[in-house]
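Worksheet for the structure shown next.
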Amino acid sequence: MSDSAEARACFMKWKYSRHFTFLKQADKNITVICKLCPGEKKLSAAVNSTSNLLKRLTRQHRQSLLSEPSSSSTDNTAATPAKQTKLDFTSATQKVSEGELKKMIAGYVVEEMLPLRTVESPSFRCILNKIPVCGKKAALHDRKTFSTYLDKCYADMEMELKETFESLEYICEGSQSSRSSHNKSFLGMTAHWIDPSTFVRGHAALACKRVRGRHTHDVIGNEIEQVHSAYGLNSKVTTTGTDNGSNFIKAFRMFQKSDSDEELEEDDEVTFTDVEQTLSTESEGQFSLPPHLRCASHTLNLIFHDVEKWLQANEAKFIYRSATSKCSAMWTKANRSSVASELVDNFFKKKLIVPVSTRWNSFHDALSRITDIPLAELNTVCTQFGIKCFTDREYLFLKEYCIVLKPLTVALDILQGEENCYFGILLPTLEILISRTLALQDELKLTASLPDIIVKAIKVRFSSMMDNKEALLAAVTLPKFKLRWIREEEKKDMVRARLTTECRGLSLEDQQPAQDHKNPANSTDDFFSFEEDDCTYSAETEVMEYLKYAGSELGVLSQFPRIKAISLRYNTATPSSAPVERLFSLGNLVFTPRRNRLSSERFERLTLMRYNNFFKNNTAK
């Protein structure tokens, strides 16, 4: 296309081009004839600008443009840019119902852990008055009315949890006691399960109640039994995970239902008991607690104490004490002095991590932050703090200490998970932890014997779990692991045989109810009926096909019904009681000095609704 033709096409897109006749293009200008002027009035304009022609129209032919009919512009509608529509917000105001407003207020107070008197705050009421409510003005509740509404919401939450538990076959619990900063003791309990259809981990808080007096084993057993009865969980709980507290261990040792109790129930022999003696003494079997599972995270954390004891009693105790004492001096200086803290922040561009006794891995993380700093810069700050400088040997010791304990901290973080953490993760995590810790031995100089101490502590503290039947079946029925984490061929064959035996027993149990309804004496064919071996063969085949299957997602278990049933049964439990710790962390947000007038019952209800995200998961009705 020539330049003149291109200029003509561009000019014809102008919305007032109909008043002109295009003649020619000369360099960067075009020549046109005005149709509204008498004669042939030639005008000139730039190729890329028609402002000169527009001025001619508005000055000389304004009247003609005003009297021009509106239909005359229809031919060039496509070339005319559309005007922005003016929005009218007067009729588009979104209104909420009174029920929705109450639900949002309750969700705001509970989610943000605000005191109940917030609803009576003048500034809060001023905000509510600006919210349009359908039909009438919003009814502003006082604290008493709002408390009644929260009680109704709590009752709805309890009803939803009971309906959820009724539809589940396996549930595990976490239980732990804690003392708040106000010298009040509480018992927390959480429930965990796996959705059989989606394999999604679910969790809920069951209790965060104050327990007065001593937390003895019988008191703990009574409180756990009451929570089970309130939610109807006596026959559904597979395990209850707790920390290594002596009161919890004794409670489950005394009140846990053992296999011998079941044998006594099946024994038909008549025995005589002294009724007076039975009623006068407290019976140890008054509670029936589920199987006990010690918190693996707490047990791993105890290995840090084992390592510290070994370092204090070993030949490395002098360098360990001198290095850690200098670190403690730096932490104290930076934590208590604002000038020192600003100096660290300006010099290192990051703050030092101060260890906390209640936070696992904090000591290792604090030492790692120090060893990330070059030795020259570290000693420069020590000099300004008035602290003795680190020697090369001490700095190397801290480096090796962090390297050796790094796998342990990673394993601890894995076992503290909740959403995708199953009981079957425990044994593979321990096996990999042992192998990775031993692999570090060759590159160590000052702490060469420390990996053996850590591995020995792991095997001692988890001795009852290494060959545990439930733990092995839980691990092998997770498609992510199967038998990959086992190194010895003999152990692989043993675990494979246990899984096959479990599948056989499961299939026989499924077929037993159907056989009970048969009447074998009705005909000769029924009289000569024999038990088939198809179930045994199918169980072995299912195990073989499952172990060969390449998928690693939990969804593949739907193709193996027996494996799925076993996995749901043994993987429902969580290896750690860390979720209960998170429950107590929410409780600390509620029970602050400004809100310490809350009753124990009100405190528990607010904490449970916050932990269970009741107002996030439910829409207003």
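The values are calculated or read from the model by the stated rules, or taken from the named source; none is laboratory data. Because the structure is a prediction, the values reported are computed rather than measured. Neighbour counts are summed over all protein chains in view; Cβ atoms, including those assigned to glycine, are modelled from backbone coordinates with ideal geometry. Heads up: the accessible areas ignore ligands, DNA and RNA and are worked out on the full protein's heavy atoms, side chains in. Shrake-Rupley method; radii C 1.70, N 1.55, O 1.52, S 1.80 Å.
Counting only protein heavy atoms and using a 1.4 Å probe, what share of the accessible area of region 287-445 belongs to carbon plus sulfur, as a whole percent?
Values: 4010 of 7790 Å².
In region 287-445, the share of accessible area belonging to carbon and sulfur is 52 percent.
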Next item on the list: Could you pull out the trypsin sites (Lys or Arg not before Pro) across region 143-231 that fall in loop regions by DSSP (anything but H, G, I, E, B) with no more than 11 other Cβ atoms inside 10 Å?
Entry: ARG212, ARG214
Notebook entry, point to check: Ignoring ligands, DNA and RNA, what accessible area per residue does region 152-245 give at 1.4 Å, in Å²?
Noted result: 42 Å²
Checklist line | Heavy-atom accessible area per residue - region 344-485, 1.4 Å, Å² | finding: 47 Å²
Notebook entry, point to check: Quick one: which of 388-399, 48-59 comes out on top by average Cβ neighbours within 10 Å, and what's the full order, highest first?
Noted result: 388-399, 48-59
Checklist line | Volume of the Cα convex hull of region 452-501, divided per residue and given in Å³ | finding: 87 Å³
Notebook entry, point to check: If we sort 472-478, 219-225 on the protection proxy, mean other Cβ atoms within 10 Å, highest first, what's the order?
Noted result: 472-478, 219-225
Notebook entry, point to check: So what is log10(I(q)/I(0)) for region 182-232 at q = 0.16 1/Å, when the Debye sum runs over its Cα atoms only?
Noted result: -0.57
Check: Taking the highest mean first, how do the peptides 603-612, 99-108 order by number of other beta carbon atoms within 10 angstrom per residue?
Finding: 603-612, 99-108
Next item on the list: Using 0.36 nm per residue of separation minus the Cα-Cα distance, give me the extension gain between ARG253 and ASP365 in nm, one decimal.
Entry: 36.7 nm
Margin query: What lysines does LYS548 reach when the alpha-carbon gap must be under 16 Å and sequence neighbours fewer than 8 apart in one chain are set aside?
Written below: LYS480, LYS482, LYS492, LYS564
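Taking all pairs of distinct Cα atoms, average 1/r, flip it, and tell me the Kirkwood hydrodynamic radius of region 339-425 in Å to one decimal place.
14.8 Å
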Note to self: Taking R0 as 45 Å, what FRET efficiency do you get between VAL96 and ASP306 from their Cβ-Cβ distance, rounded to the nearest 0.05?
What the structure shows: 0.15
Note to self: For region 393-466 and region 348-391, what is the centre-to-centre distance using only Cα atoms, to the nearest Å?
What the structure shows: 23 Å
Next item on the list: Would you tally the net charge around GLY107, using a Cβ to Cβ cut-off of less than 12 Å, leaving GLY107 out, and scoring K and R as +1, D and E as -1?
Entry: +1
Checklist line | Cut-off 14 Å (backbone N to label point 7 Å along Cα→Cβ of THR148), residues of region 99-113 | finding: none
